[in-house]
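Colleague: Take this structure first; my questions come after.
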Amino acid sequence: MPVHLTSAFTNHLLNKCVPLGVAYHHAGLAANDRARIEQLFINGAVQILCSTSTLGIGVNMPAYMVIVKGTKGYTDNNYKEYAQSEVLQLIGRAGRPQFGPSGKAIILTEKTMVKSYQNLVSGREILESSLGPELVRWILGGIYRQEFTSTRDVTKW
């Protein structure tokens, strides 16, 4: 089902792919484009959404299927494995009642990490919260992405 745009996106490539039900989302997009894409995805007009890990962790965007294409992120001039809690946040977007009785999550990772992720998703891996030390970074990230514009936004989050 094609999406009919009532107004153009700032990002011109989105004007071509969104009518086909496909979009992408990252911090480099204009805030109004990001918000519109999120709404179109929630409403079902966009069925396929490619995004950075930030969207999957910071915003409640439920989906039937989540594909994690790689389990490393570029941090401090180096690629580092995502924290297990981050991966769980990402795959936790899959399988919400509005999409059916189950969901699917696919994790694409290096061969050496397969067993670790199998243990994680099966509940055999012990997981401890690490939000405390990272809280300031998450809040600052939300402010940078313009997701938080007031203390009420942060409190609600």
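The values are calculated or read from the model by the stated rules, or taken from the named source; none is laboratory data. The structure displayed is predicted, hence computed values, not measured ones. Cβ coordinates were reconstructed from backbone atoms using ideal geometry, including for glycine residues, and neighbour counts include every protein chain displayed. In case anyone asks, the SASA skips ligands and DNA or RNA and just uses the protein heavy atoms, side chains included. Shrake-Rupley method; radii C 1.70, N 1.55, O 1.52, S 1.80 Å.
Colleague: Setting aside same-chain residues fewer than 8 positions from residue 111, which aspartates and glutamates have a Cα under 15 Å from its Cα?
Modeller: Once the sequence-local aspartates and glutamates are set aside, what remains near residue 111 is 81.
Colleague: Going by average Cβ density within 10 Å per residue, which order do the peptides 72-82, 14-24 take, highest to lowest?
Modeller: So the order, starting with the most tightly packed, is 14-24, 72-82.
Colleague: Can I ask one more? In whole percent, how big is the carbon plus sulfur part of the accessible area of region 22-157, probe 1.4 Å, protein atoms only?
Modeller: Here it works out to 56 percent.
Colleague: Straight-line reach from residue 115: which lysines have Cα under 24 Å away, leaving out those fewer than 8 places along the same chain?
Modeller: 69, 72, 80, 104
Colleague: By a straight-distance test (C-alpha under 15 Å), which aspartates and glutamates pair with residue 156 as possible cross-link partners, with residues fewer than eight away in the same chain excluded?
Modeller: 147
Colleague: Further, regarding this structure: Which one, [x] 123; [y] 302; [z] 147, gives volume of the Cα convex hull per residue in Å³ as derived from the coordinates shown?
Modeller: Among [x] 123; [y] 302; [z] 147, the one derived from this structure is [z].
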